[in-house]
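The values are calculated or read from the model by the stated rules, or taken from the named source; none is laboratory data. Being a predicted model, the structure only gives us computed values, none of them experimental. Methodologically, a virtual Cβ is constructed for each residue, glycine included, from the backbone with ideal geometry; neighbour enumeration extends over all protein chains shown.
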Amino acid sequence: MHTSLVNKKPYKPYTIPCKNQVNVEKTRRMMIRKWWRSVGSVGKCDGRYDGVRTMVGKASNRAGVHGSKLPDAKALDNVTIIVAYSNFIVYVITTSQAYLTPLVAQRIITHAKFLQTPSRQSTFSKHLELNPGLSKSTKLDEAVTLIENSSSSSSSPSNLSSTPEAYTDLLHACISAKSLHHGLKISSLILNNPNLRHNPKLLSKLITLFSVCRRLDLARKMFDDVTDSTLLTEKVWAAMAIGYSRNGSPRDALLVYVNMLCSFIQPGNFSISVALKACVGLKDLRVGKGIHGQIVKRREKVDQVVYNVLLKLYMERGSFDDARKVFDGMSERNIATWNSLISVLSKKARVHEMFHLFRKMQEEMIGFSWATLTTILPACSRVAALLTGKEIHAQILKSKEKEPDVPLLNSLMNMYGKCGEVEYSRRVFDGMLLTKDLTSWNTMLNCYAINGDIEEEMNLFDWMIESGVAPDGVTFVALLSGCSDTGFTEYGLSLFERMKTEFGVSPALEHYACLVDILGRAGKIEEAVKIVETMPFKPSASVWGSLLNSCRLHGNVSVGEIAAKELFVLEPHNPGNYVMVSNLYADAKMWDNVDKIREMMRQRGIKKEAGCSWVQVKDKIQTFVAGGGYEFRSSDEYKKVWTELQEAIDKSGYSPDTSVVLHDVDEVTKANWVCRHSERLATTYSLIHTGEGVPIRVTKNLRVCADCHSWMKIVSQVTGRVIVLRDTKRFHHFVAGICSCKDYW
């Protein structure tokens, strides 16, 4: 039992009054010899209490002394007492079948006070503790020099060079600083010391140091040079495995783990987690399941870190059922566990399950971290789940523990923008005050761009420049795309030139794609072709796609065929390219060429992506596919609302534009197909299941067709509803029969 030898009183170091350092040293040695004769021999120390370090060990009845409550004469069988005081040298007093009286204990304290030798401490960890800056990279030279001097000195009864703790702490400092230079010096000292080179803890630290410094060759040599197998403990094997994993060699890390098992070493939590991480890196579910079997057979339970990695492995490989079994079978689940499952669900676009898991997390009062919300918000943006996004915003406002970080607020701003609520995005942006970074400005600019508010975007850009924030390439992608969507051709061209001359930003492929789109959509096909021919990069698929789309809008078949030919080479399996060129031929009534494109798609096994739209009503997301929803369309509520809606629309003079149906069929069939487009089904569902005056928000996976665009305008007029439609290109805000795009789309 560790006890203190003195009461908790401040102590002023005793100074020996000598004229010079030689006399001080003589006096100090004399007092040491006198004290040594009275109390015993030298050893080492552990523990620290109020400036005095003590330990009583190797006794049948461990005992100690504490201030005025010193024990009476008491037999201590083979007791070892270690005393240290602040910067004083440490001594060990051993009594064998002797008696330690209060008088002897007091003599120990008295003599310890005279032994002030700052450069002769028994453990280097104590010295680092008193000098915290010494373990930093800037003080490593001083620390290494100190331990080298101690290694070469033999005058001290307690030699620093034989203390493993000294090297452990110093190696830890080298690992933190990634200092290979100092690590090699320490390695040399350890290997040349017979008392240290067989220490497994130091061996694992050296392997970790070399692997952190990206010298796997040195780490492996250190590992292979061990001749005594008893030194290769589980921690040493784990250090070698994590070294490979850290340096991008998961296969070698897994082989180290297998060799460890072959050496009959029982794996611990750390080794198992390293092996599972290697399986994640190798995408090897089979071996991962084998390790899972080891976990099940273990007598001891593994910690949450192991379960979190196992969970990630199953989720990454698509074994969602197995992952859920692991998750449900965990006796304890921390925030990291929930975040791991939520993160993978988000990456796999399983947003419905992710939202359900987040709500269950709240029901179980688990709490959340900012990382949890930063992971969920992009999923809300992806499916335009505004209600869920607002729930998360409310959680942020309710949290009193700390202020939300900038990445979280940027995600929140992006979520509102991609749900069509650009006003809320601006409120978040304005509330950030002094915490805005460049990403914050770019996110707000992009929110204005996709919602078609080019005037506000231009004003924000001017404010950004006045605030001294330097724009980057992402900034100009947002500005140029906004100009493309709104027809601000001249402003877009001037921005492209200012980007190079005024702001020193070199145009990338994305900027040239925006420039081609700006010119092409404005009908300047020849100028767009010239840009494609003279740009300093090889045109990418996005550049040719912008040109093909412009040719489709303006009926330029000859240039469109050139763009399509290039796209078929760059993206041979992208169905959107085939659909776009097929639409180009269909608009030109070139039905033979349409059939050729469809035959080409059939031969290459390419299928057109079905039109799909979804809406969020309450806490559920409803999905509709073009031509589908038979059960919904057969319901009485749908028939009633649809009939009333059609009557009101017919009175406004609307008639279906069947030219958007690019099939050679009769007009009646075309009209029926148009009425079954997914965005119409989603809008009708929202009219039925939302209250009067509530905005309708529809998201579609493809571009909205011209007839559905006209239909949406009329529905917003006859119902008095605001309809926000997001397609793959931009937002359309329909209010009282007018769209925010001003029919330029």
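Among the residues of segment 286-293, some residue qualifies, meaning at least one is buried (at least 18 other Cβ atoms within 10 Å of the Cβ), within 30 Å of D321 (Cβ to Cβ) and under 24 Å from the mean Cα position of the chain (by Cα). Give me the pairs, please: first residue somewhere in segment 359-376 and farther than 18 Å from L397 by Cβ and touching a residue at least 24 places away in the same chain (Cβ under 8 Å), second residue anywhere and among the hydroxyl-bearing types (S, T, Y) and part of a helix (DSSP H, G or I), beta-carbon distance under 7 Å, and either six or more positions apart or on two chains. Hits for this filter: T375/S343; T375/S346. Of all the listed residues (K325, K312), the sole one being part of a helix (DSSP H, G or I), among the basic types (K, R) and surrounded by 18 or more Cβ atoms within 10 Å (Cβ to Cβ) is K312.
Across segment 563-579, which residue is modelled with the lowest pLDDT among those that are surrounded by fewer than 16 Cβ atoms within 10 Å (Cβ to Cβ) and either among the basic types (K, R) or part of a helix (DSSP H, G or I) (or both)? My answer is P575.
Summed over segment 320-372, the residues that are on the phi > 0 side of the Ramachandran plot and touching a helix residue (DSSP H, G or I) at 6+ places or on another chain (Cβ under 9 Å) give a count of 2. When we screen A508, A528, A586 for residues that are at pLDDT below 90 and either surrounded by 18 or more Cβ atoms within 10 Å (Cβ to Cβ) or within 40 Å of the chain's Cα centre (by Cα) (or both), the only hit is A586.
Listed here are the residues, each with its yes/no results for (1) in a helix (DSSP H, G or I); (2) out of contact with any helix residue (DSSP H, G or I) (no Cβ under 7 Å at 6 or more places or on another chain).
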| residue | (1), (2) |
| --- | --- |
| V469 | no, no |
| A478 | yes, no |
| Y491 | yes, no |
| F503 | no, yes |
| G523 | no, no |
| K530 | yes, yes |
| W544 | yes, no |
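Please work out if V344 is under 27 Å from V306 (Cβ atoms) and of a type in the set (A, V, I, L, M, F, W, C). Yes.
In this structure, L445 does not satisfy being under 26 Å from the mean Cα position of the chain (by Cα), surrounded by fewer than 18 Cβ atoms within 10 Å (Cβ to Cβ) and assigned to a helix (DSSP H, G or I). Having 3 or more residues that are out of contact with any helix residue (DSSP H, G or I) (no Cβ under 8 Å at 6 or more places or on another chain) is the bar; report the strands (runs of 3 or more DSSP E) wholly within segment 693-744 that clear it. Correct list: empty, since no element meets the threshold. Residues that are surrounded by 14 or more Cβ atoms within 10 Å (Cβ to Cβ) and either part of a helix (DSSP H, G or I) or over 28 Å from the mean Cα position of the chain (by Cα) (or both) within segment 299-309 comprise Q304, V305, V306, Y307, N308, V309, listed in sequence order. Selection over segment 330-348 of residues that are part of a loop (DSSP other than H, G, I, E, B) and either closer than 22 Å to V383 by Cβ or under 14 Å from the mean Cα position of the chain (by Cα) (or both) gives a count of 1.
Just checking, does segment 576-592 include any residue being out of contact with any helix residue (DSSP H, G or I) (no Cβ under 7 Å at 6 or more places or on another chain) and farther than 21 Å from A706 by Cβ? So far as segment 576-592 goes, yes, one or more of its residues are out of contact with any helix residue (DSSP H, G or I) (no Cβ under 7 Å at 6 or more places or on another chain) and farther than 21 Å from A706 by Cβ. Looking only at segment 442-472, which residues are closer than 15 Å to S484 by Cα and either in contact with a Ser or Thr (Cβ under 6 Å, 6 or more places away or on another chain) or basic (K, R) (or both)? C447, A449, G452, I454, listed by residue number.
I'm trying to understand the selection: among the residues of segment 589-627, which are surrounded by fewer than 17 Cβ atoms within 10 Å (Cβ to Cβ) and in contact with a Leu (Cβ under 8 Å, 6 or more places away or on another chain)? Within segment 589-627, E609, K618, D619 qualify.
Every condition in (1) exposed (fewer than 15 other Cβ atoms within 10 Å of the Cβ); (2) modelled with pLDDT under 80; (3) over 30 Å from A541 (Cα atoms) holds for Q646 except the one numbered (2).
For segment 628-642, the tally of residues that are exposed (fewer than 12 other Cβ atoms within 10 Å of the Cβ) and either within 39 Å of the chain's Cα centre (by Cα) or not small (G, A, S) (or both) stands at 5. Being surrounded by 20 or more Cβ atoms within 10 Å (Cβ to Cβ), more than 30 Å from N593 (Cα to Cα) and modelled with pLDDT of 85 or more is not true of L702.
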